[in-house]
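A short write-up of the structure that comes next.
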Amino acid sequence: MNYQAAIFDMDGLLLDTERVCKGIFEEACASLSIPFLEDVYLDIIGRNSQGIEKVIRAGYGSDLDYPVLHEAWRIRYNAVVKHQAIPVKDGVVELLTWLKNNNIPTAVATSTQQDVAKIKLNLAGLDHYFDNLTTGCEVKNGKPDPEIYLLAADRLNIQPEQCLAFEDSNNGVRSAVSANMQTFQIPDLVQPSAEILTLGHTVTDSLSNVLATLKKSSQAA
């Protein structure tokens with residue numbers, strides 16, 4: 001395994017956010033007497049704000065007043081994530097510490113808006129591990145397009161094929177693989193589809209497993 005940097009998704013990968021977010025979206029729907037369509041919700045995971053709006057509008061149809069739903073969702077969401085630390089997922093701190101001790105540059109490539117992403121990482125105590133943060137508001141084409149991963153690699157001044165990428169969602173995996181990165185998927189709410197499994201990336205249960213793999217590779221080198 002040959003790599004010079006590591007780039008991480010945030011929600012559902014570093015932070016145990018997705019279940020919290022799903023519950024908040026359900027609450028917003030209920031407050032407006034709108035049905036909660038789980039299949040539509042799961043398809044937005046990993047997308048930036050423009051991608052989320054496109055999927056929700058398509059899934060709910062032309063009768064949906066998206067701005068009203070979005071506002072109800074946003075108010076509830078910000079009330080939680082801007083004031084409460086989201087739990088860090090298993091193996092995150094250990095992996096980030098090992099990469100830092102081995103002088104491997106790290107970055108975050110998240111579809112979340114920049115101001116919210118900074119707050120989340122700060123409240124979780126993870127912000128000091130990363131050399132840069134690239135967010136969904138900084139790219140024209142969100143995940144599953146590779147643009148965000150390519151920008152993150154460019155900011156690290158590392159070629160994409162020399163980067164490890166870590167994702168939980170299928171949309172994120174498509175993005176990282178399309179950027180020619182060595183991609184690990186640690187599924188959260190959504191398991192990899194049959195189509196995703198043909199991409200040739202590594203699927204594993206936790207970042208603790210990833211750390212064990214990297215340590216073994218380092219010892220063998």
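Since every read-out is calculated from the coordinates, none of them should be taken as a lab result. The structure displayed is predicted, hence computed values, not measured ones. We place every Cβ from the backbone using ideal geometry, glycine too, and count neighbours over all the protein chains shown.
One table, with the values for the structure above:
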{"item": "Charge dipole magnitude, Cβ of K and R +1, D and E -1 - the range 18-81, Cα centre, debye nearest 20", "result": "220"}
{"item": "Using alpha carbons only: equivalent-ellipsoid semi-axes of the chain, gyration tensor based, whole Å", "result": "30, 18, 16"}
{"item": "Nonlocal amide H pairs with T183, under 5 Å, H built at 1.01 Å", "result": "A165, T202"}
{"item": "Net charge dipole size for the chain [Lys, Arg +1 and Asp, Glu -1 on Cβ; Debye, nearest 20]", "result": "480"}
{"item": "Ranked list, fewest to most other Cβ atoms within 10 Å of each Cβ, for L99, L37", "result": "L37, L99"}
{"item": "On Cα atoms only, tilt of 114-124 relative to the major axis of the chain in degrees", "result": "70"}
{"item": "Potential extension, Q219-T198 segment - 0.36 nm per residue separation minus Cα distance", "result": "4.6 nm"}
{"item": "Between helix 18-31 and the chain: long-axis angle, C-alpha atoms, 0 to 90°, nearest 10", "result": "10"}
{"item": "Out-of-range pairs (alpha-carbon distance over 18 Å; input K89/K120; K54/K143; K22/K118)", "result": "K22/K118"}
{"item": "Between 0 and 90°, nearest 10: helix 49-60 axis offset from the chain longest Cα axis", "result": "50"}
{"item": "Calculated [θ] (222 nm, deg cm²/dmol) that DSSP helices of n ≥ 4 give over the chain, each run adding -39,500 (n - 2.57)", "result": "-14500 deg cm²/dmol"}
{"item": "Cα-based reach from K216 at 19 Å (exclusive), listing lysines while leaving out same-chain residues under 8 positions away", "result": "K100"}
{"item": "Normalised contact order of the range 18-81, rounded percent, pairs of Cα under 8 Å and 6 or more residues apart", "result": "41"}
